[in-house]
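A.B. asks: Sharing a structure below in structure tokens format, with a few things to ask.
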Amino acid sequence: MQAVTLSLYRFDSLAARLWAFGQMATARFALKALPEIGFFKLCGSGTGEGFTPIPNTGVYAILATWPDAGTARRVMDQARVFCRYAAMASETCTLYLGSRSARGAWSGQAPFETSDAPIDGPIAALTRATLKPSVALRFWRRVPDISQLIGEDPNVMFKIGVGEVPLLHQVTFSIWPDAATMAGFARADGPHARAIRAVREERWFSEELYARFSVDDVTGTWEGRVPLQTTKKA
């Protein structure tokens, strides 16, 4: 069964941040050379928890698909490109995901092979969109309200925003205890629901993808805790 990984890397020193920024242009060649890897994307992040248009030079991400979880673990443990990221980063976290539903496209592709296996545990939601330049300003005006609303929701277990191109390509990723709580947030009237209506009515996106995943495993920490834990380590 296809495995999907989302690897997050935090870089503290100036040298490490400059290295990571350079990898946005060069690491794709090393990743393409890995015969086991499928679809992949190198992403930067915004400030805060990533849901802003102001770049965060200290946080980067790699999303990838693999034939199975065992292959993903082996390659990520041994391949030079992943080892270099881990060595340069001050903190790393990789989430191992199983795709359960997906609709839409990412760079013209349907990257996730879905399974109808039930999700016994937390559920992850990923949205990816290419914004039309003409509506980018209106979109980013809404994002702070949506980010605050997600942060205040007691059910959200983890959230981060990343993207391939600042301002125009946005990826949001969040983990929820179950499908019901995730759906309850999405449908509740508020900034998120109003933004979704605007997206549909005004056709803000030139390309979009929505996917749901099981969270099969997590390695490492983010902000000092495992994403599925509810409290930070002392």
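The values are calculated or read from the model by the stated rules, or taken from the named source; none is laboratory data. Please read these numbers as outputs of a predicted model, since none were measured by experiment. Don't worry about glycine lacking a Cβ; one is built from the backbone with ideal geometry, like all the others, and counts go over all protein chains shown. Heads up: the accessible areas ignore ligands, DNA and RNA and are worked out on the full protein's heavy atoms, side chains in. Shrake-Rupley method; radii C 1.70, N 1.55, O 1.52, S 1.80 Å.
A.B. asks: What is the distance, in nm, between label points placed 7 Å from the Cα along the Cα-to-Cβ direction at M1 and at S115?
C.D. replies: Those two pseudo-labels are separated by 0.2 nm.
A.B. asks: Here's a follow-up. Which order, highest average first, do 65-73, 32-40 follow once you tally other Cβ atoms within 10 Å for each residue and take the mean per peptide? Provide the component values of the computation, followed by the final result.
C.D. replies: Details: 65-73: 16.6, 32-40: 14.2.
Result, highest mean first: 65-73, 32-40.
A.B. asks: Once phi is turned into ³J(HN,Hα) by the Karplus curve 6.51 cos²θ - 1.76 cosθ + 1.60 with θ = phi - 60°, what whole-Hz value does each residue of region 118-131 show in order, with x for glycine and proline?
C.D. replies: My calculation for region 118-131 gives x, 9, 9, x, x, 10, 10, 10, 10, 10, 9, 9, 9, 7 Hz in order.
A.B. asks: Using a 1.4 angstrom probe, figure out how much accessible area region 1-83 has per residue, in square angstrom, rounded to the nearest whole.
C.D. replies: 45
A.B. asks: Please report, as a whole percent, how much of the solvent-accessible surface of region 24-127 comes from carbon and sulfur atoms (probe radius 1.4 Å).
C.D. replies: After summing per-atom areas, the C and S share lands at 53 percent.
A.B. asks: Under the rule a/c < 1.5 gives rounded, and otherwise a/b versus b/c splits prolate from oblate, where does region 9-105 land using the Cα gyration tensor?
C.D. replies: It comes out oblate by the Cα gyration axes.
A.B. asks: What net charge is computed for the residues neighbouring E91, neighbours being all others with C-beta under 10 Å from the C-beta of E91, Lys and Arg scored +1, Asp and Glu -1? Spell out each step's value before the answer.
C.D. replies: Numbers: positive: R10; negative: D12, E223.
Once all neighbours under 10 Å are counted, the net charge is -1.
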